[in-house]
Amino acid sequence: MSKTYKIAVIPGDGTGPEVIAEGIKVLNSVSQRYGFKLDLAFFDFGGEKYLKTGELLPENIFDDLRKSDAIYLGAIGHPDVKPGILEKGILLRMRFELDQYINLRPVKLFPGVDCPLKDKGPEDIDFVVIRENTEGLYTGAGGFLKKGTSDEIATQLSINTRKGIERCVRYAFEYTKKRNKAKKLTLCGKTNVLTYAFDLWERTFYEVAREYPDIKTDYSHVDAITMWFVKNPEWFDVVVTDNLFGDIITDLGAMIQGGLGIAAGGNINPEGVSMFEPIGGSAPKYRGKNIINPLAAICAGGMMLEHLGEKTAADAIEKSVVELTSNRIKSLAAGKMGYSTTEIGDMVAEMVAR
Ligand code: IPM
Ligand code: MN
């Protein structure tokens, strides 16, 4: 009997449903070809639903999500909802409740893709950022005092626990070992100013490093790493960092790999249920036009399959994407690909079935 994976699908807002539809096209095709089944359960929530009903997440949603093997997410975000509500109420809530403590973001320039960096090619840009995903400045710790007065105080605390750092750092060492490329792990921090938080990060990093004598370790301040990503991206193999720094440097990473049209990520709980998404957001201005690039969602689907253990199928997706970027599509930008959203999905679905 062939294996069946239960996938919770959250198409979400904006162009989310369009790109997820193409991703599913590809996943269905590749699963047939490689002999496994996907049992998809759709969940309708996001900004659109919130505006209509006032509900952020359906009741018992976490019971349902915990029963799945993985979650496939489009995008959450709506221009008419005040910033912070959907982010905290939906996206971050899912990451926290499901304890998805790793945010895994590959930065890889595919052949044929226009790179904004002069003289850099696919051999130079191929690294992975491992972002801590449940702590740091994202926990919501802090608050207002004397709000609305001229004496107002706002605090936002960065929470860094030994356990939280250690599990992330361990994951990063293991990942670097398995990736087996340059076997180099860079800690990205700010030890010269954030002398408590990154002192703990640094001590933990070098303590765990002792268990991995084959992995080269390196350190970069976060401000400096933004320079090196642009000047010498080939220096990086795997980078590990805290939540906010990871958020910032992976947007830069997405740009040097050719843009949000191709950037995918995973919110991983190695012991639980993980969630995979294109990192570009809901792109409301492109919604419903059939011009958004679905490759990021398709690549996120590939990451999901690799995570589920279907490495051959995941490789088939990547190979097809490479074939497309090398020989067929003109640009990764919405509306400039030379094909529509659905045509790209059709092409990849056809290629992975070969
Ligand atoms: C991301 C996004 C989120 C984050 C937002 C939408 C809360 O930017 O996944 O990188 O900051 O983590
Ligand atoms: Mn971000």
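The values are calculated or read from the model by the stated rules, or taken from the named source; none is laboratory data. All figures in this text were calculated on a predicted structure; none of them were measured in a lab. Every residue, glycine among them, receives a Cβ derived from its backbone with ideal geometry; neighbour counts consider all protein chains shown. Just so you know, the surface numbers come from the protein's heavy atoms only, side chains and all, with ligands and any DNA or RNA stripped out. Shrake-Rupley method; radii C 1.70, N 1.55, O 1.52, S 1.80 Å.
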In the range 174-203, the chymotrypsin sites (Phe, Trp or Tyr not before Pro) that fall in loop regions by DSSP, at most 14 other Cβ within 10 Å: Tyr196
message: Give me the percent relative contact order of the range 1-133, please, defined on Cα pairs under 8 angstrom at least 6 residues apart.
response: 27
- prompt: What length, rounded to one decimal in nm, is gained on full extension from Thr195 through to Ser2, with 0.36 nm per residue of separation minus their alpha-carbon distance?
  reply: 64.2 nm
statement: Taking only the alpha carbons of the chain, the radius of gyration and the largest Cα-Cα distance, Dmax, both in angstrom, are 20.1, 68
statement: Measuring from its Cα centre, the range 115-257 shows a charge dipole (+1 at each Lys and Arg Cβ, -1 at each Asp and Glu Cβ) which, in debye to the nearest 20, is 300
field: Electrostatic dipole magnitude of the range 254-317 [Cβ: Lys, Arg +1; Asp, Glu -1; Cα centre; debye, to 20]
entry: 440
- line: With T = 10 °C, eta = 1.306 mPa s and Kirkwood Rh from C-alpha pairs, the Stokes-Einstein D of the range 115-257 in µm²/s is about 98
field: Whole-percent carbon and sulfur share, accessible surface of the range 115-257, 1.4 Å
entry: 55
message: As an exercise, use a Förster radius of 30 Å and the Cβ-Cβ distance of Leu51 and Lys289 to find the FRET efficiency, rounded to the nearest 0.05.
response: 0.90
field: Most positive-pole-ward Cα, Phe245, Gly189, Ile215, against dipole of the range 115-257 from beta carbon charges
entry: Ile215
- request: With a ≥ b ≥ c taken as the square roots of the eigenvalues of the C-alpha gyration tensor of the range 268-346, please select rounded if a/c is under 1.5 and otherwise prolate if a/b is larger than b/c or oblate if it is not?
  value: oblate
The range 115-257, relative contact order [Cα under 8 Å, separation at least 6], %: 38
task: Check each of the GluC sites (Glu not before Pro) in the range 1-103 and keep only those in coil by DSSP with at most 13 other C-beta atoms within 10 angstrom; list them in order.
output: Glu55, Glu59
message: Taking a virtual spin label 7 Å from the Cα of Asn269 along the C-beta vector, which residues in the range 48-62 bring their backbone nitrogen under 11 Å of it?
response: 62
message: Which one, Phe236, Val169, Ala224, is farthest towards the positive end of the dipole of the range 115-257 when Lys and Arg carry +1 and Asp and Glu -1 on their Cβ?
response: Val169
- line: Taking a straight Cα-to-Cα line shorter than 30 Å from Lys49, and setting aside same-chain lysines fewer than 8 residues away, one finds Lys6, Lys25, Lys37, Lys67, Lys82, Lys88, Lys285, Lys289
- request: Can you give me the P(r) profile for the range 190-275? Cα pairs, bins 10 angstrom wide beginning at 0, each as a whole percent.
  value: 13, 40, 38, 9
query: Among Phe144, Leu109, Thr15, whose Cα lies farthest out toward the positive end of the dipole of the range 1-144, if unit charges sit on the beta carbon of Lys, Arg (+1) and Asp, Glu (-1)?
result: Leu109
query: Tell me, what is the percent relative contact order of the chain, built from C-alpha pairs under 8 Å that lie six or more residues apart?
result: 25
Calculated FRET value between Asn180 and Glu202, using beta carbons and R₀ = 25 Å, to 0.05: 0.50
Cleavage-rule hits, GluC sites (Glu not before Pro), the range 263-344, DSSP coil, Cβ neighbours within 10 Å at most 13: Glu271
- request: Take the alpha carbon atoms of the range 86-107, find their center, do the same for the range 143-200, and report the distance between the two centers in whole angstrom.
  value: 15
